[in-house]
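The values are calculated or read from the model by the stated rules, or taken from the named source; none is laboratory data. Everything numeric in this text was worked out from a predicted model, so none of it was measured. Because the Cβ atoms are built from the backbone with ideal geometry, glycine has one as well, and the counts that use them run over all protein chains shown.
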Amino acid sequence: MPTVNSAGSVGTAFLAALDHALGRLLRPLANLLPRRLRRAAERIEKRRNRPVGQVAAAGFLVVTILYALVVGGQIGRVGDALLVFVGFGIDDVAVKGQHETSQIAILEKLELDGSLIAFDVVAAEVRVESLPWVASASVRKFYPGTLSVEIEERKPFALWQRRGEVFVIDKGGVEIEPLAETRFTKLPFMVGGGANATAPQFLADLFTQPEIASQMRAAVLVAGRRWDLHLDDGVSVKLPEKDVRQALAQLVKLDAEHQLLQRDVTVIDLRLPDRITVRLPEGRSLDDVTSDAALARRPT
């Protein structure tokens with residue numbers, strides 16, 4: 001019975017399998033290559049039945065695969081996958097500072113689909129800062145596999161009505177989100193085009209007179225220049241374009257002396273620097289409110 005050389009049989013079978021595989025791969029791959037590389041593939045194909053030709057064909061196959069990865073822009077992804085494989089994947093994400101922003105929303109913006117080494121923290125910060133409540137974000141790497149994200153959120157400052165929709169805005173006038181929760185309904189209510197940008201200064205002036213600020217129902221920016229203040233009892237106060245604090249202080253003084261805001265008036269006009277005008281409900285006279293002399297001129 002003939003002796004079978006198992007090592008030789010395995011080697012022969014391997015070469016046969018390699019030859020068959022190379023024959024199936026080289027021809028279709030060669031058609032996808034540039035002309036110069038295609039000619040090289042054809043020469044290797046002719047010598048493929050020789051051992052040296054098979055080694056050359058295998059090497060050519062590796063080069064072809066690398067070429068396809070580079071041309072297709074996938075070589076970086078392959079390298080990144082190798083970094084994850086050897087232990088540089090992102091295994092933990094520590095998020096701090098978020099209250100209104102969900103952690104899931106932050107994780108989605110981080111786009112954690114590669115290694116920590118290749119992760120672009122600057123691009124990630126930009127994506128996280130696009131979330132409505134996020135004012136700023138800081139992303140840092142801690143090797144081998146931890147990502148730290150620190151969030152600074154916007155603070156709700158006021159409500160702003162624009163084109164019939166009400167938004168929560170921060171102190172810089174930036175829209176955060178449409179009003180959807182009752183917990184924000186106690187915020188100052190501002191109306192008018194550009195009111196979001198000028199609200200901080202107006203509210204700073206208003207809060208110098210807490211007695212008036214506590215009665216505010218809404219403030220309407222008129223023609224982008226001055227404010228009408230609407231109070232809880234229905235009184236509308238027309239404020240001047242300048243010297244708002246002085247006008248509000250005068251209103252507080254008049255109310256202390258004559259209980260003006262408790263009387264039946266609808267409009268108090270403080271726009272003129274030397275005169276205060278009040279409007280009464282139809283059928284009422286000024287004598288029912290206070291004397292004309294007390295309201296005619298504002299002290300200078």
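Whether any residue in the stretch 258-269 is at pLDDT below 85 and among the acidic types (Asp, Glu) is what I want to check. Scanning the stretch 258-269 turns up at least one residue that is at pLDDT below 85 and among the acidic types (Asp, Glu).
Considering only residues that are assigned to a strand (DSSP E or B), polar (S, T, N, Q) and at pLDDT 95 or above, which ones fall in the stretch 121-160? Within the stretch 121-160, 136, 138, 148 qualify.
Would a scan of the stretch 196-213 turn up a residue that is at positive phi and assigned by TED's automatic domain parsing to the domain that holds residue 243?
Of the stretch 196-213, the ones at positive phi are none.
No, that holds for no residue.
Evaluating residue 92 against the criteria (1) in contact (Cβ under 8 Å) with a residue 24 or more places away in the chain; (2) assigned by TED's automatic domain parsing to the domain that holds residue 193 leaves one unmet condition, (2). So which residues in the stretch 106-150 are over 19 Å from residue 170 (Cβ atoms), surrounded by fewer than 19 Cβ atoms within 10 Å (Cβ to Cβ) and in contact (Cβ under 8 Å) with a residue 40 or more places away in the chain? If the condition is that a residue be over 19 Å from residue 170 (Cβ atoms), surrounded by fewer than 19 Cβ atoms within 10 Å (Cβ to Cβ) and in contact (Cβ under 8 Å) with a residue 40 or more places away in the chain, then 118, 143, 144, 145, 146, 148 are the ones that fit.
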